Amino acid sequence: MNTITRKRKAYRLKRHTEVDEKGLAEQDYQILRLLQQGHTQTTIGLEIHLSTTAVQYRIKDMLLKFECVNATQLIYKLTKQGAI
């Protein structure tokens, strides 16, 4: 995937999402809740009508944003903060 395609995808994801004070969109919260319940990335995508790649991208973005190394740490950190 070239740089232009990546920028277009990132723009499409950002232009329709409103974020809260933690920098998370409603779709991010949906992904986190489903991860917390033990769903796989594939089933999360099916549940919220996203491709598996888009789900992976959103999770990776949250991992970087909250300085976590894996989804378990991310869920723990956000649960402790009361975000989910």
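Nothing in this text is a laboratory measurement; each read-out follows from the coordinates by a stated rule. Values in this document were obtained by computation on a predicted structure and should not be read as measured data. Glycine gets a Cβ as well: all are built from the backbone with ideal geometry, and neighbour counts include every protein chain shown.
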How many residues, within the stretch 20-50, are within 12 Å of the chain's Cα centre (by Cα) and not aromatic (Phe, Trp, Tyr)? 17
Going through the stretch 29-82 one residue at a time, which ones are over 22 Å from Glu18 (Cβ atoms) and aromatic (Phe, Trp, Tyr)? Tyr76
